[in-house]
Amino acid sequence: MPGSTAKLEPRLAAVAQEICAPTHADIGSDHALLPRYLLVSGRVQRVIVVEKHKGPWENSRRALEGLCAQVRLGDGLGALEAGEADSLSLCGMGARLMVRILSAHPARLPPRLVLQPNDSALPLRQWALQAGYALVNEQMVEGFWRYSILTLERGACAAYSGLPLELALRFGPLLLKSKHPLLSAELLARRQQLARLPQVEPVRLELEHIEQALALLQGF
């Protein structure tokens, strides 16, 4: 079936599992593989895709032609109205860029967010705590890198209870509590990389955090 999960790479398939809503917004979709899957599979009734540049906007328009979709040329949440979407996804960007997009129009944020950064999710976890979003699910999937996927909903967050906050923000409270095997693999690989570097203060500090996280994983 066009747009089936088999057509999505693992990180996008994992994001899709977290989305089921009447209207979903995807920011920076490019070829619109995720929105197309969501529509064809029936996980959403309508999608709004926002692209900042004309090339990706044209790609998304072609991919979603004939489906219940709007493709808008605009800058992030600035192209949405408050309350227009029930959920929102941001995928394949740096976490700090995602934070800037999410922070630019807080009144336009929907109640559910699914975020897949291409680097450390630490800035997103910090932002979510400050913005009043609870971390309700965390995933890690293999791909070009090991990707983290965060699912957030408005409300109080209990995910960090029972964990040192600094470690939980850095490595993911739900990944730590579930002893996620990919998190263990990521920590061990990073420890090996750091051990080959000159042991200056930032390297020593990161190694210390990794050792603490590995000890937590062994202790649960």
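When LEU163 is evaluated against the numbered criteria (1) touching a residue at least 60 places away in the same chain (Cβ under 8 Å); (2) in contact with a Pro (Cβ under 6 Å, 6 or more places away or on another chain), which criterion, by number, is the only one it fails?
Answer for LEU163: the failing condition is (1).
Return the only residue of GLU138, GLU166 being more than 18 Å from ALA14 (Cβ to Cβ) and among the acidic types (Asp, Glu).
GLU166
Would a scan of the range 121-131 turn up a residue that is farther than 14 Å from LEU169 by Cβ, at pLDDT 95 or above and of a type in the set (S, T, N, Q)?
Checking the range 121-131: not a single residue is farther than 14 Å from LEU169 by Cβ, at pLDDT 95 or above and of a type in the set (S, T, N, Q).
Looking at the range 34-48, which of its residues are out of contact with any Lys or Arg (no Cβ under 7 Å at 6 or more places or on another chain) and either at pLDDT below 95 or closer than 20 Å to ILE101 by Cα (or both)?
Residues satisfying the conditions are LEU34, PRO35, VAL47.
Can you confirm whether GLU18 is part of a loop (DSSP other than H, G, I, E, B), touching a residue at least 40 places away in the same chain (Cβ under 8 Å) and closer than 18 Å to ILE149 by Cα?
Working: part of a loop (DSSP other than H, G, I, E, B): yes; touching a residue at least 40 places away in the same chain (Cβ under 8 Å): yes; closer than 18 Å to ILE149 by Cα: yes.
When the stated conditions are applied, GLU18 passes them.
Report whether or not LEU39 is touching a residue at least 40 places away in the same chain (Cβ under 8 Å) and open to solvent by 10 Å² or more (accessible area, probe 1.4 Å).
The answer is no for LEU39.
To keep it simple, each residue is scored yes or no on (1) of a type in the set (Val, Ile, Thr); (2) touching a helix residue (DSSP H, G or I) at 6+ places or on another chain (Cβ under 7 Å); (3) surrounded by fewer than 16 Cβ atoms within 10 Å (Cβ to Cβ).
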| position | (1), (2), (3) |
| --- | --- |
| PRO111 | no, no, yes |
| VAL136 | yes, no, no |
| MET140 | no, yes, no |
| LEU152 | no, yes, no |
| ALA158 | no, no, yes |
| LEU169 | no, yes, no |
| HIS180 | no, no, no |
| LEU183 | no, yes, no |
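The values are calculated or read from the model by the stated rules, or taken from the named source; none is laboratory data. As the structure is a computational prediction, the values presented were derived from the model and not from experiment. Methodologically, a virtual Cβ is constructed for each residue, glycine included, from the backbone with ideal geometry; neighbour enumeration extends over all protein chains shown. Just so you know, the surface numbers come from the protein's heavy atoms only, side chains and all, with ligands and any DNA or RNA stripped out. Shrake-Rupley method; radii C 1.70, N 1.55, O 1.52, S 1.80 Å.
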